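First the structure, in the form of structure tokens, and then the observations on it.
The values are calculated or read from the model by the stated rules, or taken from the named source; none is laboratory data. Computed from a prediction, not measured in an experiment: that's the story for all the values here. With ideal geometry, Cβ positions are generated from the backbone for all residues, glycine too; neighbour counts draw on all protein chains shown. When the accessible area is computed, the model is the full protein with side chains, heavy atoms only, and any ligands, DNA or RNA have been set aside. Shrake-Rupley method; radii C 1.70, N 1.55, O 1.52, S 1.80 Å.
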Amino acid sequence: MSDSSVVILDNGASTIKAGVLGMHDDHPLTIPNAVVRSKGDNATYIGHELAKCRDFTSLRFRLPFEKGFLVDWDAQKAIWDGIFSSEVLGVNTSQASLLITEPYFNLPNIQDVYDQFVFEEYEFQAYRRCTPASLVPYGQLLAKPGLPPPECLLVIDSGFSFTHVVPILNGTVVWSAVKRIDVGGKLLTNHLKEVISFRQWNLMEETHIVNEVKEACCFVSEDFGRDLEACRVRPGDNPIVQEYIFPDYSANRPGRIRRPGEPLDASCQTLIMNNERFTVPEILFHPTDIGLDQAGISAAVAESISLLPEDLQGMFWANIGLIGGNTALPGFRQRLISELRSLAPIDTEVIVYSSEDPASEAYRSAVAFAARPEFPQMVVTREEYQEMGSNACRRKFGDWKPMDKEPARGRDQAKSRAHEGEMHIEKEDIPLATKKGARGRGRGRGSARRQT
């Protein structure tokens, strides 16, 4: 791989953390991973353009990801075009390398389309595709001064679609012990939306506003029963209740929590947040509260560690790292430690590491990984892809699924397999504006077609 800029994309289902190595190492650009239609502005915003929106009421979202997998490649390409353009990163993709994250248990056919877009649509020189948790050993989340990174660690990644418990041994994911909980930020926001709409205001069309309410007001209770009883006995007068002032976009006034004793204008509309503040995040620890027959995070951690070599289990208990936006909820780490101590062996130390911004922790770990001297040997080059197709990526990247023992027949085979496996999804169509973008010129070689 020749010397070139390295583009880093933590390609999440809700937001993309993007940057160029050496330029955005500490503070990535956060881009909404959606095509958004604003009824108030009567305009469509693609990815980074959402910052221009002035009225966030009744937004309609077209998401490239559905149930944790990338299925709408037309929307994703439009968003990537904007990121690579001069409006955001301003990179010439044909003279750059790419490090991108992918979902856990990503389907082989979807991986093929990833490879096809990277090398045929954008013509990157080289790229590396990996899961967010696999990057954590290279970062500073579990780093200790004067000591090498731990050989055994367990990453809890609670993101937009799912929550994953991922054990890593000697830098390699132990896929047989990975656990998934079908609870993520999207489910929490939708549940809060339904609760508020049933009890107070009809906010079923206000996903963006409810998500802001969740991030501003919600927390994880350290004693759920005590807090629930406090809300029941004194519904309107307890230390938990908060009043949220809705945003007024006509006056350019954002939403916020009302300060104690603050007078209100007659035009202000407010939302009372009582036990909703902690009953919604409680789903992460008890999915059965909404009828989801799955274990919570703490039980999933214990089950995952029980599947690992017995003589190493103590090291996994002592090296637990938190990444993903949901782990930023106040009280999350304290509640997790409390529950894990009751599940761990009595002579085992339980240590949970967190960062100030867990949502971008995977990106910062990716920066550290891309800066390592051995990184050029861990990527697939365009020449290797042209010779072997996606088989070159499977062999170098490794995978949760054993690679098929079939001979590589080059690029044509990879292209045909990618098209056979393209996934389609029926959804409300938000038209995409034609953009000139960076290298994505819409040549059609890597574009997935939607069924009609």
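Taken over the stretch 125-168, residues that are touching a residue at least 12 places away in the same chain (Cβ under 8 Å), farther than 16 Å from Ile351 by Cα and open to solvent by 50 Å² or more (accessible area, probe 1.4 Å) amount to 2.
Within the set of pairs 6+ apart or on separate chains, which have a first residue in the stretch 223-248 that is outside the structural domain of Leu336 (by the TED database), a second that is of a type in the set (Ser, Thr, Tyr) and exposed (fewer than 13 other Cβ atoms within 10 Å of the Cβ), and C-beta atoms under 9 Å apart? Listed pairs, sorted by first residue: Asp248/Ser267.
Residues in the stretch 1-30 that are more than 14 Å from the chain's Cα centre (by Cα) and of a type in the set (Val, Ile, Thr) were compared, and the one that is farthest from Pro358 (Cα to Cα) is Val6.
Pairing residues of the stretch 55-81 that are without any contact (Cβ under 8 Å) to a residue 60 or more places away in the chain and in the same structural domain as Val35 (by the TED database) with residues that are among the charged types (D, E, K, R) and surrounded by 17 or more Cβ atoms within 10 Å (Cβ to Cβ), at Cβ distances under 6 Å and at least 6 apart in sequence or on separate chains, gives Pro64/Asp72.
Open to solvent by 40 Å² or more (accessible area, probe 1.4 Å) and under 30 Å from the mean Cα position of the chain (by Cα): is that true of Tyr249 in this structure? If you could, list the steps in order and put the result at the bottom.
On the way: open to solvent by 40 Å² or more (accessible area, probe 1.4 Å): yes; under 30 Å from the mean Cα position of the chain (by Cα): yes.
It is true that Tyr249 is open to solvent by 40 Å² or more (accessible area, probe 1.4 Å) and under 30 Å from the mean Cα position of the chain (by Cα).
Checked against the criterion of being assigned to a loop (DSSP other than H, G, I, E, B) and modelled with pLDDT under 95, the stretch 189-200 contains one or more residues that satisfy it. The sole residue among Gly296, Gly331, Gly261 that is within 30 Å of Gln200 (Cα to Cα), surrounded by fewer than 17 Cβ atoms within 10 Å (Cβ to Cβ) and modelled with pLDDT of 95 or more is Gly331.
Of the set (1) surrounded by fewer than 21 Cβ atoms within 10 Å (Cβ to Cβ); (2) modelled with pLDDT of 95 or more; (3) under 15 Å from the mean Cα position of the chain (by Cα), all apply to Asn33 but (1).
Scanning the stretch 84-95 for residues that are surrounded by fewer than 22 Cβ atoms within 10 Å (Cβ to Cβ) and touching a helix residue (DSSP H, G or I) at 6+ places or on another chain (Cβ under 7 Å) returns Glu87, Val88.
Within this structure, Leu312 fails the test of being in a strand (DSSP E or B) and either among the aliphatic types (A, V, I, L, M) or free of Cβ contacts under 8 Å to residues at least 40 places away in the same chain (or both). Consider the stretch 360-375. How many of its residues are assigned to a helix (DSSP H, G or I) and either surrounded by fewer than 17 Cβ atoms within 10 Å (Cβ to Cβ) or aliphatic (A, V, I, L, M) (or both)? Going through the stretch 360-375 one residue at a time, the tally reaches 5.
Between Ile425, Ile430, the distinction of being in contact with a strand residue (DSSP E or B) (Cβ under 6 Å, 6 or more places away or on another chain) and modelled with pLDDT under 50 belongs to Ile425 only.
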